[in-house]
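*Asks:* Could you have a look at this structure, given as structure tokens, before my questions?
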Amino acid sequence: MTTVTSLTRSLREAAAQALTSGEAAVVIGYELNDGEAAAPAFVRAPEDAERLIFDESCFGNLAVYLAKEEVRRLGKLAIVVKGCDLRAINVLLRENVVSRDDLLLIGVRCSGVGRPALRKCSFCEVRDPEGCDTVVGDPPEPPPTDPGKRYAEIEAIEELSMEERWAYWQKQLGKCIRCYACRQVCPLCYCKRCIVEKSTPQWVETSPHLRGNIAWNIARGLHLTGRCVSCGECERVCPMKIPLGSLGDKMAKLVDEWYGFRSGMSADEKAPFTAWSPDDPEPGIL
Amino acid sequence: MAEFKTYQVAAGWLESVAGALREAKVDVLVPCEEDGCVDLRSNQGLQALPQGYLNTVLPVKRVLMPASEVLLEYERQSSDITLASPQEPAPETVVIGCRPCDAAALEMLDAVFEWDYEDVPYAERRRRTTIVSFACTEAHPTCFCTSVGGSPHNSAGSDVLVYSKSDGGALMQVLTEKGAAFIGKLGPAAEPTDAGPPAPPDVPEKFDTKKIKAWLDENFESDFWVDVSLRCLGCGACSYVCPTCHCFDIVDESIWNRGQRRRNWDCCSFALFTKHASGHNPRPVQSARCRQRVMHKFKYFPERFGRVACVGCGRCVRTCGVGQGLVSILAAMDKK
């Protein structure tokens, strides 16, 4: 049995309070699980808030549940968010998938998840989530790595020659079995009908051969350009260990360079592909 | 019927038998590790793992029922359609080093693919594939073979069962004619022995399948399904890594007037799986889909084939990104 930290205690109190006061019908948080990662928990009664935990096993980005019909049907949602997850919620807010009034945000100050900490945590600038209804936890430690290193992984791939990159991605995407865990775990892949499910015509081949896999992963990468918040969930859940985070990072890096934009930093932001401005430099248009 | 015996071999047996088989143009698949993933691979340039790995990321199912296979090729010219069989027949294949749970799953796939008629591509591969399993020397906390009638030393579905020794040698229990032919490749290096296998590692039983079946019989409609499916994100990871899941989709992929008809893995967790052309979906919510997956494995399959469609490999538990453990669902039913 793990000891209950003061962070977990405050989290349970905040969750119980939200349920008792009626501010929320369900609190989406984390609970203990047999495996390496804590599991999502849906707490509907104040006394069940005792199931909630927060520690370095709380990898998952719970924002994925906000667009899920079965979960929304439970009533007003409260959700436990790390700063990185809040970036995904900011995108859901800016894209009008959820409304801020229908959401109670219980922020947790986080000094990194994973043991050792995940790569994204090492340069995380959003350890103290802003704009939540409640925030629990002690002030987080500063990230150990310079945030300028956030694109280091993709820069290493960019240094390869075109042929080497092609060989690398053929090998990696050749492994894909099209289980769509990447899509299903993605908080921003909320389309009711995914392009891969559209069959008249079949835009993307569903067969897990290289051609179909490349089409699928490029389609997904493009749909997430300027939206992906690099939470890394796609790569974490991929059973074939495909470095999917690198695809998202590449697009994030381009959008950062071209538009000076990083997705999900606030709910009020104007995203490059969904906002119009007369002084748009339009560097993405050939 | 030949007499199947137990043999002992010294260290180096794997390299020598794999070499001899490759010379005979046999496709040899062994567990190899690459990019942090252990999988069955033709191990050119990769070091085979003789033991000490938990299991391969994908089950041996994928050798007999590939994630994607060509069923036929077609070409259309005005009103004529020419059909052709896929290029080459399945090669002679030897899988060395799958786990007993994965091999046992082949008996379940056999039951399905030989049920009302023989599935030709599956049966052809099955005939041409020899399964040499490695008995488990340790169990992972997610393993539950003993709860579904298996064991770390289960010989079901294998042609040879290998008990690896710490010095690199092994005891080999020959179980079929194909297994005898495999041992034959080792020549005099394989000596008959009266030695018995070591004790299997302990795998605690986690639930009783009879109690689960009894609960499922009565609870098609239950709030339980809604509660346990809230977490489920509806991806296909658990099914695709499952040694017994065998649902498939058939698609035509064409460029202009020619194309291929392919069979691909499919999964009952997907919303699209049961969606009709009319737009109606008889399993419109994830709870109905989660229920289907459990019902198929622990109620419908036993009713049709007399055994559960699960071998307890634990991959679904290890693979699920949101901790939707099949074992915890089954254990909860067991306690009801």
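Since every read-out is calculated from the coordinates, none of them should be taken as a lab result. None of the values given here were measured: they were computed from a predicted structure. Cβ atoms come from the backbone with ideal geometry, glycine included; neighbour counts cover every protein chain shown.
*Asks:* Could you state the number of Å between the C-alpha centres of segment B:268-292 and segment A:164-192?
*Replies:* 23
*Asks:* Between segment B:120-173 and segment A:207-269, how far is it from one alpha carbon centroid to the other, in angstrom?
*Replies:* For segment B:120-173 versus segment A:207-269, the Cα centre distance is 39 Å.
*Asks:* Neighbouring Cβ atoms within 10 Å as the yardstick, rank B:K299, A:K76, B:K210 fewest first.
*Replies:* Listed from fewest to most nearby Cβ atoms, that is B:K210, A:K76, B:K299.
*Asks:* Can you give me the span-like helices of chain B, meaning DSSP H runs with 18 Å or more of Cα extent along the axis and Kyte-Doolittle mean at or above 0.0?
*Replies:* B:100-113
*Asks:* Convex hull over the alpha-carbon atoms of the protein assembly as shown: what's its volume per residue in Å³?
*Replies:* Here the figure is 199 Å³ per residue.
*Asks:* Continuing with this model, one more query. Would you pull out the residues with amide H under 5 Å of A:A41's amide H, same chain only if 5 or more places away, H placed 1.01 Å from N?
*Replies:* A:G29, A:Y30, A:E31
*Asks:* Now for a different question. Around B:D334, what is the net charge, scoring Lys/Arg as +1 and Asp/Glu as -1 over all other residues with Cβ under 13 Å from its Cβ?
*Replies:* The answer is +4.
*Asks:* Further, regarding this structure: Can you tell me the relative contact order of chain B? Whole percent, Cα pairs under 8 Å, sequence separation 6 or more.
*Replies:* About 22 percent, as a whole number.
*Asks:* DSSP loop trypsin sites (Lys or Arg not before Pro) in segment A:224-261 with at most 16 other Cβ atoms within 10 Å of their Cβ, which ones?
*Replies:* Loop-located and lightly packed - A:K241.
*Asks:* A follow-up question, please. So what are the ³J(HN,Hα) numbers for segment B:245-257, from phi and the Karplus equation (6.51, -1.76, 1.60; θ = phi - 60°), rounded to whole Hz, Gly and Pro as x?
*Replies:* Those phi angles translate into 5, 9, 5, 9, 10, 10, 10, 9, 10, 10, 10, 6, 9 Hz.
*Asks:* Still on this structure, please answer the following. If I take all pairs of Cα atoms in chain A, what percentage of them are more than 23 Å from each other?
*Replies:* 57
*Asks:* What is the count of Lys pairs in segment B:207-336 whose alpha carbons sit under 28 Å apart, if the two are 8 or more places apart or on different chains?
*Replies:* 19
*Asks:* Next question, about the same structure. What number comes out for the charge environment of B:M108, summing +1 per Lys or Arg and -1 per Asp or Glu over other residues with Cβ under 13 Å away?
*Replies:* +1
*Asks:* Give the lysines reachable from A:K120 as a straight Cα distance under 25 Å; neighbours fewer than 8 places away on the same chain don't count.
*Replies:* A:K82, A:K149, A:K171, A:K175, A:K241, A:K250, A:K253, A:K270
*Asks:* Hey, can you grab everything whose amide H is under 5 Å from the amide H of B:L71? Only 5+ residues off in sequence or another chain; H modelled, so Pro and N-termini drop out.
*Replies:* Counting only residues 5 or more places away or on other chains, the set is B:R261, B:R262, B:R263.
*Asks:* May I pose another question? In segment B:20-108, which trypsin sites (Lys or Arg not before Pro) are in a loop and have at most 13 other Cβ atoms within 10 Å, using DSSP for the loop call?
*Replies:* For trypsin sites (Lys or Arg not before Pro) across segment B:20-108 that sit outside H, G, I, E and B with at most 13 neighbouring Cβ atoms in 10 Å, the list reads B:K25.
*Asks:* Given +1 on the Cβ of Lys and Arg, -1 on the Cβ of Asp and Glu, and no further charges, what dipole in debye does chain B carry about its Cα centre, rounded to the nearest 20?
*Replies:* So the magnitude is around 800 debye.
*Asks:* Taking each residue of B:64-72 in turn, how many C-beta atoms of other protein chains fall within 10 Å of its C-beta, and what is the average?
*Replies:* Taking all residues of B:64-72 together, the mean is 2.
*Asks:* Got a sec? Charge dipole of the protein assembly as shown, +1 on Cβ for Lys and Arg, -1 for Asp and Glu; which of B:V317, A:L173, B:A84 is way out at the positive end?
*Replies:* Farthest along the dipole direction, towards plus: B:A84.
*Asks:* Something else now. Choose one of B:P282, B:V294, B:F305: the residue whose Cα lies farthest towards the positive end of the charge dipole of chain B (beta-carbon charges +1 Lys, Arg; -1 Asp, Glu; about the Cα centre).
*Replies:* B:P282
*Asks:* Around A:G137, under 9 Å between beta carbons, what's the net of Lys plus Arg minus Asp minus Glu among the other residues?
*Replies:* -1
*Asks:* Convert each backbone phi in segment B:65-73 into a coupling constant with the Karplus relation 6.51 cos²θ - 1.76 cosθ + 1.60 (shift: θ = phi - 60°), then list the ³J(HN,Hα) values in order as whole Hz, x for Gly and Pro.
*Replies:* Values, residue by residue: 10, x, 4, 8, 9, 7, 8, 7, 10 Hz.
*Asks:* Over chain A, calculate the relative contact order: mean separation of alpha carbon pairs under 8 Å at least 6 apart, over the residue count, as a percent.
*Replies:* Reported relative contact order: 16 percent.
*Asks:* Continuing with the same structure: What would the Debye formula give as log10 I(q)/I(0) at q = 0.08 Å⁻¹ for the alpha-carbon point model of chain B, no solvent?
*Replies:* Per q value, in the given order, log10 I(q)/I(0) is -0.43.
*Asks:* Based on Cβ point charges of +1 for Lys and Arg and -1 for Asp and Glu, what charge dipole magnitude is obtained for segment A:1-54 about its Cα centre, in debye rounded to the nearest 20?
*Replies:* Dipole size: approximately 120 debye.
*Asks:* Also: So what J values fall out for segment A:187-203 if you push phi through Karplus, 6.51 cos²θ - 1.76 cosθ + 1.60 with θ = phi - 60°, rounded to Hz, Gly and Pro as x?
*Replies:* Per-residue couplings from phi come out as x, 9, 8, 9, 3, 5, 9, 6, 4, 6, 8, 8, 10, 10, x, 7, 5 Hz.
*Asks:* Positive end of the charge dipole of segment B:209-334 (Lys, Arg +1 and Asp, Glu -1 on Cβ, about the Cα centre): tell me which of B:Q260, B:I212, B:Y240 has its Cα farthest that way.
*Replies:* Result: B:Q260.
*Asks:* Now a separate question. Under 5 Å between amide H atoms, partner at least 5 residues away or on a different chain: which partners does B:G97 have, H built in plane at 1.01 Å?
*Replies:* Distant-sequence amide H within range of B:G97: B:V132, B:S133, B:F134.
*Asks:* Please report, in Å, the Rg and the Dmax of segment B:151-191, where both are computed over Cα atoms only.
*Replies:* Answer for segment B:151-191, Rg first and Dmax second: 10.7, 31 Å.
*Asks:* Using only the Cα atoms of segment B:6-192, build the gyration tensor, take square roots of its eigenvalues as a ≥ b ≥ c, and label the shape rounded, prolate or oblate: rounded if a/c is under 1.5, else prolate if a/b is larger than b/c, else oblate.
*Replies:* Prolate.
*Asks:* Can you compute the charge dipole magnitude of the protein assembly as shown about its Cα centre, using +1 on each Lys and Arg Cβ and -1 on each Asp and Glu Cβ, nothing else charged? Give it in debye, rounded to the nearest 20.
*Replies:* 940
*Asks:* In segment B:156-241, which GluC sites (Glu not before Pro) are in a loop and have at most 13 other Cβ atoms within 10 Å, using DSSP for the loop call?
*Replies:* B:E205, B:E221
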